[in-house]
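Take a look at the structure below.
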Amino acid sequence: MAETNFDVVIIGAGPGGYVTAIRGAQLGLKVAIVEKKHLGGICLNWGCIPTKALLRSAEIYTYMKHAADYGLKAEGIGFDLQKVVERSRGVSAQLNGGVGHLLKKNKVTVIDGTAKLNGPGRVDVTGPDGKALPSLTAPHVIVATGARPRALPGLEPDGKLVWTYFEALKPDIMPKSLLVIGSGAIGIEFASFFNSLGAEVTVVEVLDQVMPVEDAEIAAFAEKQFKKHGMTIMTKAKVTRLVKGANSVTCTVEDAKGKTREIIVDRVISAVGVVGNIEGVGLETTQAKTDRGCVVVDGFCRTAEPGVYAIGDVAGPPMLAHKAEHEGVICIEKIAGLDSHPMDKNRIPGCTYCHPQVASVGLTEAKAKAAGREVKVGRFPFLGNGKAIALGEPDGMLKTVFDAKTGELLGAHMVGAEVTELIQGFVVAMGLETTEEDLIHTVFPHPTLSEMMHEAVMDAYGRAIHF
């Protein structure tokens, strides 16, 4: 490695890290990025992308089983779990190579190794063989080390009978029964995948609704659909004990009243959140502060140490790839002297790719009211949309939340087919600060699922046409 002095050194090449590196190079900065495992990080290799590939296989399998509903014939329907997984891994491998190409194209120096801050402006690097590489220097160092699965005491994953998302992405068996601890995006997506392939799935959530960050009405609709598809959902309950057998796990589940029951399953998935990778990064050699497993940063991702920054999961929630990417752009543009603006976390969309899909942006109805807002709420069911009926996807709903006084769109919440693609329309609307009048006078194409967005807006003001 000829060069050791850079304008910016980035630790971690996940979505936040590699996007930041590319944007920095575009701005004329001399950038190095250090990655110890995989270009693309967890999202590309062990998260967002491979799970979507698995879920796509499950979706097609579900459609095949219901071919008769579409006037089609499909006999001898089945699946090969190993090939489903191989396809998923292949998708990740293809994109991993693409990230490498983009970094090379933008003349970013990529270093294979483990990086550690040694005071502000200095980064020590250890190669894959354990030997020290030349240290790097830069006036700006960005920590983008991501996060890892959180483990609860006494319920720690072992990689064999109790899985994290790593093992769930490459299952050694197709479990006949499965218990998922936690009903956030990770837990519900894996519950949906294995349920679609025929596993008997139980989801245990300690809070009073599944998908706790979602609007209560949307979460209730989703829960009803999950149960319709055969899942067992247990809210206001917690797993207190796991007893491992030769090839099964006995799970003790306690409800809100303290009553317990035992559930025996082939496998358990622990999906109780993630915690930032703050250890071993050398933060203690700087003035950077941490709080609850994450690095404390301001609106421009600056830590308490001048010249040291943190972005993405390691910088705190929401722990989403698109949040990491946008944070990285804000951070590097600020470093380059551009007129960058802090990110409004209220405008970050969230998507869960279960069946049915769930997507949202902004305030839930409850949070809007808790903030003292007087609101107008609109709803529209998939059952009232011609395209949804034609697709054979009549189960779903859209919900909008407006400020009653100003017409500001405060939030949008959806459950149903392809809502993860629809939500961006409301994200753009919020970014442009459109009002209900702007949206009502917008012409939506017919026949599309997006027409429901229009109807959900109009319903908030008593003007819905098709419901």
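Rule-based calculations on the coordinates, nothing more; no lab input. Only a predicted model underlies this, so the values are computations on that prediction, with no experimental measurement involved. For neighbour counting, all protein chains shown are included, and Cβ atoms are generated from backbone atoms with ideal geometry for every residue, glycine included.
Using only alpha-carbon positions in the chain, the gyration tensor eigenvalues give semi-axes of 37, 30, 22 Å once each is multiplied by 5 and square-rooted (largest first). When only alpha carbons of segment 356-460 are considered, Rg and Dmax amount to 13.0, 41 Å. Ratio of Rg to Rh for segment 275-366: 1.03 [Cα atoms; Kirkwood radius as inverse mean 1/r over pairs].
Straight distance only, please: which lysines reach the Cα of Lys83 with their own Cα at less than 22 Å, same-chain residues fewer than 8 apart left out? Straight-distance partners of Lys83: Lys52, Lys65, Lys160, Lys170, Lys176. Couplings 3J(HN,Hα) of segment 398-413, computed from phi: 10, 9, 10, 10, 10, 6, 5, 8, 10, x, 5, 6, 8, x, 9, 9 Hz, in residue order, whole Hz [Karplus 6.51 cos²θ - 1.76 cosθ + 1.60, θ = phi - 60°; x for Gly and Pro].
Excluding residues fewer than 8 places away in the same chain, name every one of the aspartates and glutamates whose C-alpha is closer than 19 Å to that of Lys257. Once the sequence-local aspartates and glutamates are set aside, what remains near Lys257 is Glu205, Asp208.
Taking only the Cα atoms of segment 212-315, the ratio Rg/Rh comes out at 1.15, with Rh defined as the Kirkwood radius.
Taking 32 Å as the limit for the C-alpha separation, the pairs Lys259/Lys376; Lys228/Lys387; Lys228/Lys367 exceed it in the case of Lys259/Lys376.
Within a straight-line Cα-Cα reach of under 23 Å, Lys289 can be paired with the following lysines, leaving aside sequence neighbours fewer than 8 residues apart in one chain: Lys116, Lys323, Lys334, Lys345. What the Cα atoms of segment 162-272 give is an Rg and a Dmax of 13.1, 41 Å. With Cα atoms defining each centre, segment 122-167 and segment 227-265 are spaced 31 Å apart in the structure.
The Cβ shell under 12 Å around Pro134 holds other residues with a net charge of 0, Lys and Arg each +1, Asp and Glu each -1.
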